[in-house]
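Working notes for the structure below.
The values are calculated or read from the model by the stated rules, or taken from the named source; none is laboratory data. Only a predicted model underlies this, so the values are computations on that prediction, with no experimental measurement involved. Note: ideal-geometry Cβ built from the backbone for every residue, glycine included; neighbour counts use all protein chains shown. Side chains are part of the model used for accessible areas, which takes the heavy atoms of the whole protein and leaves out ligands, DNA and RNA. Shrake-Rupley method; radii C 1.70, N 1.55, O 1.52, S 1.80 Å.
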Amino acid sequence: MSDDVTIRVAAAGDIHASEANAEEVAAAFADVDGSVDLILLAGDLTTYGQPSQAEVLAAACRSLETPVSAVLGNHDWHCAQRDELVSVLEDAGVCVLDPGHTVRCVQSVEVGIVGAKGFVGGFPGSHMPDFGEPSLRAVYAGAGQDVRAVDEGLRAVAGCPIRIVLLHYSPSPSTLEGEPVAIWAFLGTDRLAAPIAEHEPDLVLHGHAHAGTFEGAIGKAPVYNVSVPVIARDFWLFELDIPTPAHAPIH
């Protein structure tokens with residue numbers, strides 16, 4: 001006989017930690033700690049990307065039992081102090097995927113987490129081309145780097161029973177409904193969808209689209225916009241069930 005294993009994931013994006021909401025951030029993480037197996041943060045961890053704001057999040061995470069993985073968002077780059085910000089978070093035990101992948105062993109199950117900020121670039125009818133001024137082509141190339149990172153990460157964790165993609169920018173227009181169509185090109189790009197459609201991870205999470213839609217899909221892969229203004233709570237809780245193989249009887 002075999003029993004299913006349930007992996008519990010708490011996810012949120014756009015926390016925008018700062019000294020002004022330090023108590024609320026600490027309380028939110030303390031409330032969920034121990035009741036879930038993983039905490040995943042979909043970017044915009046801070047308000048303006050200041051290391052002092054990262055320390056607010058670090059203080060909330062430092063004593064947690066639950067492992068935390070995160071990607072950065074556009075707000076986390078604003079002050080051009082990316083390295084200092086990441087150092088503060090990593091010193092508190094947060095696994096920052098910028099980009100990258102990690103494997104967490106949860107209830108004897110390997111969970112592969114592939115993370116990248118993602119970037120802009122648009123969707124059908126509003127694609128940014130790889131053409132023209134060097135500055136525009138650099139934006140296109142920046143998105144391409146994260147697309148490749150997602151593909152490489154999914155290949156690296158292909159053997160994991162559970163595979164999760166964690167982004168900040170949206171890979172699908174299905175979770176942008178509610179945002180003005182005129183700004184969709186600045187909220188993500190469907191170039192990020194290609195490796196997701198190919199590898200079919202079990203769960204795709206992103207933030208950034210504060211007025212978007214919670215649930216969407218890329219092929220068979222479910223996509224969720226876990227921006228705090230969308231989920232209207234500190235974290236959204238996901239349960240991922242996988243069957244445990246039955247052991248062969250001993251004769």
When segment 1-22 is checked residue by residue, the ones that are polar (S, T, N, Q), in contact with a Ser or Thr (Cβ under 6 Å, 6 or more places away or on another chain) and in contact (Cβ under 8 Å) with a residue 40 or more places away in the chain are SER2
What number of residues within segment 94-108 are touching a residue at least 60 places away in the same chain (Cβ under 8 Å) and either in contact with a helix residue (DSSP H, G or I) (Cβ under 7 Å, 6 or more places away or on another chain) or closer than 19 Å to VAL147 by Cα (or both)? 1
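Rundown of residues vs (1) small (Gly, Ala, Ser); (2) under 23 Å from VAL223 (Cβ atoms), yes/no style:
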{"site": "ALA27", "(1), (2)": "yes, no"}
{"site": "GLY43", "(1), (2)": "yes, yes"}
{"site": "GLN53", "(1), (2)": "no, no"}
{"site": "ALA80", "(1), (2)": "yes, no"}
Is at least one residue of segment 121-138 open to solvent by 60 Å² or more (accessible area, probe 1.4 Å), of a type in the set (Asp, Glu) and out of contact with any Gly (no Cβ under 9 Å at 6 or more places or on another chain)? yes
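Would you check which residues across segment 143-182 are open to solvent by 10 Å² or more (accessible area, probe 1.4 Å), closer than 11 Å to PRO201 by Cβ and of a type outside the set (A, V, I, L, M, F, W, C) and list them?
To start, the set of residues in segment 143-182 that are open to solvent by 10 Å² or more (accessible area, probe 1.4 Å) comprises 145-149, 151-152, 155-156, 158-161, 163, 169, 173-174, 177-182.
Subsequent filtering for residues that are closer than 11 Å to PRO201 by Cβ retains 158, 160, 163.
Of everything in segment 143-182, just one residue is open to solvent by 10 Å² or more (accessible area, probe 1.4 Å), closer than 11 Å to PRO201 by Cβ and of a type outside the set (A, V, I, L, M, F, W, C), namely ARG163.
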So, GLY100, is that one open to solvent by less than 10 Å² (accessible area, probe 1.4 Å), under 16 Å from the mean Cα position of the chain (by Cα) and small (Gly, Ala, Ser) or not? no
Flag if GLU198 is within 15 Å of ASN225 (Cβ to Cβ), without any contact (Cβ under 8 Å) to a residue 60 or more places away in the chain and open to solvent by 50 Å² or more (accessible area, probe 1.4 Å): no
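If you scan segment 201-210, which residues turn out to be assigned to a loop (DSSP other than H, G, I, E, B), out of contact with any Lys or Arg (no Cβ under 8 Å at 6 or more places or on another chain) and either open to solvent by 50 Å² or more (accessible area, probe 1.4 Å) or in contact (Cβ under 8 Å) with a residue 60 or more places away in the chain (or both)? Working first, answer last.
Step one: list which residues in segment 201-210 are assigned to a loop (DSSP other than H, G, I, E, B), which gives 201-202, 207-210.
Okay, now just the ones that are also out of contact with any Lys or Arg (no Cβ under 8 Å at 6 or more places or on another chain), so 207-210.
Residues satisfying the conditions are GLY207, HIS208, HIS210.
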Kindly provide the set of residues from segment 1-52 that are open to solvent by 10 Å² or more (accessible area, probe 1.4 Å) and hydroxyl-bearing (Ser, Thr, Tyr), ordered by number. SER2, THR6, SER18, SER35, THR47, TYR48, SER52
Six or more apart or on different chains, Cβ under 8 Å: which pairs go from a residue in segment 155-173 that's within 8 Å of GLY112 (Cβ to Cβ) and in contact (Cβ under 8 Å) with a residue 12 or more places away in the chain to one that's part of a loop (DSSP other than H, G, I, E, B) and open to solvent by less than 10 Å² (accessible area, probe 1.4 Å)? Could you list them? ARG163/VAL157; ARG163/PRO201; ILE164/PRO201
Flagged in segment 53-68 as within 25 Å of HIS101 (Cβ to Cβ) and surrounded by fewer than 24 Cβ atoms within 10 Å (Cβ to Cβ), in numbering order, are ALA58, CYS61, ARG62, LEU64, GLU65, THR66, PRO67, VAL68
